[in-house]
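The values are calculated or read from the model by the stated rules, or taken from the named source; none is laboratory data. Treat the numbers as computed from the prediction; the structure is a model and nothing was measured. Positions of Cβ are generated from backbone atoms using ideal geometry, with glycine treated the same way; all protein chains shown enter the neighbour counts. Only protein heavy atoms, including side chains, enter the accessible area calculation; ligands, DNA and RNA are left aside. Shrake-Rupley method; radii C 1.70, N 1.55, O 1.52, S 1.80 Å.
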Amino acid sequence: MRYISTRGSAPTLTFEEAMLTGLARDGGLYVPDTVPTLTASQIADMAGKSYEDVAFTVMRPFIGDTFTDEEFKRLIAQAYSGFGHAARAPLVQLDSNHYLLELFHGPTLAFKDFAMQLIGQMFQAALSRSGERITIVGATSGDTGSAAIEAFRGLEAVDVFIMYPHGRVSEVQRRQMTTPSESNVHALAVDGDFDDCQAAVKDMFNDFAFREEVKLAGVNSINWGRVLAQVVYYFTAAVSLGAPHREISFTVPTGNFGDIFAGYIAKQMGLPIADLVVATNRNDILHRTLQTGAYTKEGVEPTISPSMDIQVSSNFERALFDAYGRDGAAVGGQMDDLKQGGFQISQGAYQYLQDQFKSGRASEEETSAAITRYFRQHGELLCPHTAVGVHVAEAHLGHTPMVTLATAHPAKFPDAVKAASGVAAPLPPRMADLYDRSERLTRVANDLSAIQSLIKERIAH
Ligand SMILES: *Cc1c(COP(=O)(O)O)cnc(C)c1O
């Protein structure tokens, strides 16, 4: 299995190289050159198996000889051992034909743990073989940073620096980043907003001397290893509900298009998925694109579902690549136009995307109303991102079972949940002392060279 860039002009890589590299050198994203398929009987055999066993079957064809079977099984087992639910991704029934897939039983209470915990293990295993050390630098508006810190804390071959906008993440998110005590964890509170943090990361990757000196690596949502780990729970959920003998639909609260793209890969692998529904909040660039064929940037407006407040949805490029018949030059051209504010998708490519994805959006009022309604009528407390999903899913319910992905635990967004439901969602018992643990963080100015010096100084020890 080789990995190719969506812009067609970067070298092809192995799984290990693609995972450690992140962004391709031509600015594109890595995708497998062909998507392996599973037969209906292989899918049927997943019934009743553990999450870990299904994970091995689904991911094994993608990893080539990066890990032996034994090693890969061990990494998967370690990745999910810290989850607070034996099923890892349990299903809950909301209505006669509507289910919730709870993806928030990991250590930081959001679905990003599924991918981040596994790539933490895979990075450590690959690096300890080569004896290399790397420096992970990431920007976060909350969930990605806490998941990365939790996944890499204490790993020998890695230092992890996470920049977050000072004063602009929720208290739970901040504490998840600042309370781990391991010396390889560095939480940097930047005097700026999320875009400043993200711009600083991008500048560091473009500073090739620095990139080489500190052995910079990224774990943002474009990393293929992250997408791959997310394919697994589409299989466990669909098989629980009768796949491959019946079709299942999914609604996915979407920001960077990573999670829904994993569902698209599951479908390509042979999982009988009827609808894949993109659910956005009022930052609805993806919904508008799927409705009109025009991808045009607008300003980002803050919402109560902040992990979906984005303007440029990076993983969408992977879907575009397939929509354009895997023509990297065509994708590169569209991405150049994006710098000018947007692009029009060609008729054939637009038709392809419309065949693959449905979409909907939820306003702030609709999101809060969904939290209220599902608490009163179904006894379920939803996080605001999940509430966007169930609101959109309702418009797509039919004869096919619908699974909405519950992307975070309600306790991670206590203010919005309390305002809509009247109750405070308690933290799970295993992290009930989060508010008592001591915090450790470094305040930094929004100054690239100062941040770079700090990183160099820290990793020297
Ligand atoms: C990251 C995140 C999303 C969006 O996921 P994408 O893969 O970026 O589309 C949705 N909900 C929550 C809680 C998240 O943390």
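If the only charges are +1 at each Lys and Arg Cβ and -1 at each Asp and Glu Cβ, what is the size of the charge dipole of the chain around the Cα centre, to the nearest 20 debye?
The calculation lands at about 400 debye.
Could you work out the per residue convex hull volume over the alpha carbons of segment 130-269, in cubic angstrom?
Normalising the Cα hull of segment 130-269 by residue number yields 148 Å³.
Determine, from the Cβ-Cβ distance of Asp26 and Asn97 and an R0 of 41 Å, the FRET efficiency 1/(1 + (r/R0)^6), rounded to the nearest 0.05.
Values: r = 44 Å, r/R0 = 1.08.
Using R0 = 41 Å, I get an efficiency of 0.40.
Given a Förster radius of 51 Å and the C-beta distance between Arg129 and Ala369 as r, what FRET efficiency does 1/(1 + (r/R0)^6) yield to the nearest 0.05? Mind showing how you got there, number by number?
Working: r = 52 Å, r/R0 = 1.02.
For Arg129 and Ala369, the calculated efficiency is 0.45.
Could you please state how large a percent of the accessible area of segment 387-461 is carbon and sulfur, counting protein chains only and using a 1.4 Å probe?
Ligands and nucleic acids excluded, carbon and sulfur give 53 percent.
Share of antiparallel DSSP beta bridges in the chain, in percent to the nearest 5? Could the numbers behind the result be given before it?
Values: 12 of 46 bridges.
Bridges in the chain that DSSP calls antiparallel: roughly 25 percent.
Can you work out the accessible area per residue across the chain, with the rest of the protein chains kept in place, probe 1.4 Å, in square angstrom?
Value returned for the chain: 38 Å² of accessible area per residue.
Sort 297-303, 187-193 by the packing proxy (mean of other Cβ within 10 Å over each peptide's residues), most packed first.
187-193, 297-303
For Glu17, what accessible area in Å² do you get when you roll a 1.4 Å probe over the heavy atoms of the protein chains, rounding to the nearest 10?
That residue has around 80 Å² of solvent-accessible surface.
Please identify the DSSP H helices in the chain that span no less than 24 Å along the helix axis (Cα) and have a mean Kyte-Doolittle hydropathy of 0.0 or more.
Going by DSSP H runs, the hits are 112-130, 224-240.
Per-residue accessible area for Ser50 at 1.4 Å probe radius, Å² rounded to 10?
In the full protein context, Ser50 sits at about 50 Å².
Using a 1.4 Å probe and counting only protein heavy atoms, arrange Lys112, Lys49 so the residue with the most accessible area comes first.
Largest accessible area first, the residues go Lys49, Lys112.
Pairs Lys297/Lys412; Lys297/Lys456; Lys73/Lys202; Lys202/Lys297; Lys112/Lys358: which are spaced more than 27 Å apart, C-alpha to C-alpha?
Numbers: Lys297/Lys412 29 Å; Lys297/Lys456 36 Å; Lys73/Lys202 34 Å; Lys202/Lys297 19 Å; Lys112/Lys358 23 Å.
Beyond 27 Å between Cα atoms: Lys297/Lys412; Lys297/Lys456; Lys73/Lys202.
Count the DSSP beta bridges whose two residues both fall in segment 93-240, then state the antiparallel fraction as a percent rounded to the nearest 5.
10
Between Glu156 and Ser41, what length comes free when the chain is fully extended (0.36 nm per residue of separation minus the Cα-Cα distance, one decimal in nm)?
Difference between extended and current length: 37.3 nm.
Classify the chain: rounded, prolate or oblate, from the alpha-carbon gyration tensor (a ≥ b ≥ c, eigenvalue square roots; a/c under 1.5 rounded; otherwise prolate if a/b is larger than b/c)?
rounded
Counting only protein heavy atoms, what percent of the accessible surface of segment 259-359 is carbon or sulfur at a 1.4 Å probe? List each step's numbers first, then the result.
On the way: 1720 of 3600 Å².
On segment 259-359, the fraction of accessible area on carbon and sulfur atoms equals 48 percent.
Leaving out ligands, DNA and RNA but keeping every protein chain, what accessible area does Leu91 have, in Å² rounded to the nearest 10, with a 1.4 Å probe?
Counting only protein heavy atoms, Leu91 exposes about 50 Å² to solvent.
What percentage of the solvent-accessible surface of segment 77-189, computed with a 1.4 Å probe over protein heavy atoms, is contributed by carbon and sulfur atoms?
43
Sort Glu171, Glu317, Glu457, Glu364 from largest to smallest accessible area, using a 1.4 Å probe on the heavy atoms of the protein chains.
Highest to lowest solvent-accessible surface, that is Glu457, Glu171, Glu364, Glu317.
State the Kirkwood hydrodynamic radius of segment 1-81 in Å, one decimal place, computed from all pairs of distinct Cα atoms.
Computed over Cα pairs of segment 1-81, the Kirkwood hydrodynamic radius comes out at 14.1 Å.
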